[in-house]
Amino acid sequence: MTQEIAKRLSAARKHCKYSQEEAANLLGISRQTLSKWENGDGFPDSETLIKIADVYDISLDVLMLGREPKLDSLSYEQLMEESAENDSYEETVRELLAQTGKEPDPIDRVIRYFPYTMLCLILFLSIGFGVKDSWRYCWSVFITIPSYYVAIQSVKHKNVVGIVLPIVCVAIYLVLGFTLPGDWGWKLGWMLLFIVPLYTSIQKAVKKRNFFYFSYLTFIIALYMFMGMCLDMWHPWWIMFLTIPVYYSIAKIVSHKEE
């Protein structure tokens, strides 16, 4: 182990205010082993390095390379999503069977193959042609698409709030649309559906302790639509969109400082 990495191991532990004894207990190793690593004698294996990064709440880039991770680099989630998109389902099954002996979760099959977007299109055309004067509100079925995928992913990860929230928002939207006089229910109710992507982005930002992941763009669009449709203040409230690059610039600077 290089002395630079040994120094970073020691500095990361001290930053967390752990004694060598406390850190060793959390890592499941002896204090003597940890002391050797921090003195440059010996090197933890890859599994232990990952555990160290998790316990010290530090990225492997900082721990091993002494540099900050790139926020715009390819994330693990993107890597897995692209891999899933480029591989056939049968190939994915073969790989999982070879690695774990288990077939993939049935939810993955639903996510991959269930044509929800096509179903929305069919429903939109059916309502539009079948119900008089329904074009002005039946387009809203397309807004349920992100809610559907949030809900199905939440089922996979057993996230109860993520499952219930899209269903509740869509239900309230439909109730408002069919009960309020005129078009007000349809005009205003669909903004409830912004709650779903905002919730997931807040959840991710809190989990990663980095407000760069908060979907500020979605928030601004929802706010602008509310100001325009409810208060007829389309101008000059479009200026809110100018705050988007400012927000993400500040978020990026703050996240780098915290790391």
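The values are calculated or read from the model by the stated rules, or taken from the named source; none is laboratory data. Everything quoted here is computed from the prediction, not taken from an experiment. Here Cβ is always computed from backbone atoms with ideal geometry, including for glycine, and neighbour counts include all displayed protein chains. We work out accessible area using only protein heavy atoms, side chains counted, and drop any ligands, DNA or RNA first. Shrake-Rupley method; radii C 1.70, N 1.55, O 1.52, S 1.80 Å.
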### Flag if LYS158 is basic (Lys, Arg) and either modelled with pLDDT of 75 or more or in contact with a Pro (Cβ under 7 Å, 6 or more places away or on another chain) (or both)
no
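Where in segment 110-204 are there helices (runs of 4 or more DSSP H), lying fully within it, with 1 or more residues that are closer than 24 Å to CYS230 by Cα?
Details: elements: 116-130, 135-138, 144-156, 160-179, 184-189.
Passing ranges, in order: 135-138, 144-156, 160-179, 184-189.
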### Task
Could you identify the single residue in SER215, SER154 that is within 23 Å of the chain's Cα centre (by Cα) and farther than 21 Å from LYS252 by Cβ?
SER154
### Message
For a quick check of your reading of the model, give me the residue pairs whose first member lies in segment 241-253 and is of a type in the set (A, V, I, L, M, F, W, C), whose second is surrounded by 13 or more Cβ atoms within 10 Å (Cβ to Cβ), with beta-carbon atoms closer than 7 Å and at least 6 apart or on different chains.
### Response
PHE241/ILE220; ILE244/TYR216; ILE244/LEU217; ILE244/ILE220; ALA251/PHE211; ALA251/PHE212
### Task
Identify the residue in segment 205-259 that is under 30 Å from MET64 (Cα atoms) and of a type in the set (Asp, Glu) and, among all such residues, is surrounded by the most Cβ atoms within 10 Å (Cβ to Cβ).
GLU259
### Message
Looking only at residues that are closer than 16 Å to LEU193 by Cβ and open to solvent by 20 Å² or more (accessible area, probe 1.4 Å) in segment 126-140, which one is farthest from the chain's Cα centre (by Cα)?
### Response
TYR137
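Looking at GLY162, GLY185, GLY189, GLY177, which one is under 12 Å from the mean Cα position of the chain (by Cα), surrounded by 16 or more Cβ atoms within 10 Å (Cβ to Cβ) and either more than 27 Å from THR243 (Cβ to Cβ) or of a type in the set (Gly, Ala, Ser) (or both)? Please lay out each step first, then the result.
Values: GLY185 fails: under 12 Å from the mean Cα position of the chain (by Cα); GLY189 fails: under 12 Å from the mean Cα position of the chain (by Cα); GLY177 fails: under 12 Å from the mean Cα position of the chain (by Cα).
Step by step, each of GLY162, GLY185, GLY189, GLY177 is checked, and only GLY162 is under 12 Å from the mean Cα position of the chain (by Cα), surrounded by 16 or more Cβ atoms within 10 Å (Cβ to Cβ) and either more than 27 Å from THR243 (Cβ to Cβ) or of a type in the set (Gly, Ala, Ser) (or both).
Regarding segment 21-32, can at least one residue be identified that is open to solvent by less than 30 Å² (accessible area, probe 1.4 Å), among the small types (Gly, Ala, Ser) and in contact with a Lys or Arg (Cβ under 6 Å, 6 or more places away or on another chain)? Reasoning before the result, please.
Filtering segment 21-32 for residues open to solvent by less than 30 Å² (accessible area, probe 1.4 Å) gives 23-24, 27.
Those still in the list that are among the small types (Gly, Ala, Ser) too: 23-24.
Then drop every residue that is not in contact with a Lys or Arg (Cβ under 6 Å, 6 or more places away or on another chain), which leaves 23-24.
Within segment 21-32, one or more residues are open to solvent by less than 30 Å² (accessible area, probe 1.4 Å), among the small types (Gly, Ala, Ser) and in contact with a Lys or Arg (Cβ under 6 Å, 6 or more places away or on another chain).
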### Task
Collect the residues in segment 24-68 that are among the basic types (Lys, Arg), outside any loop (DSSP other than H, G, I, E, B) and closer than 14 Å to ILE5 by Cα, keeping them in residue-number order.
LYS36
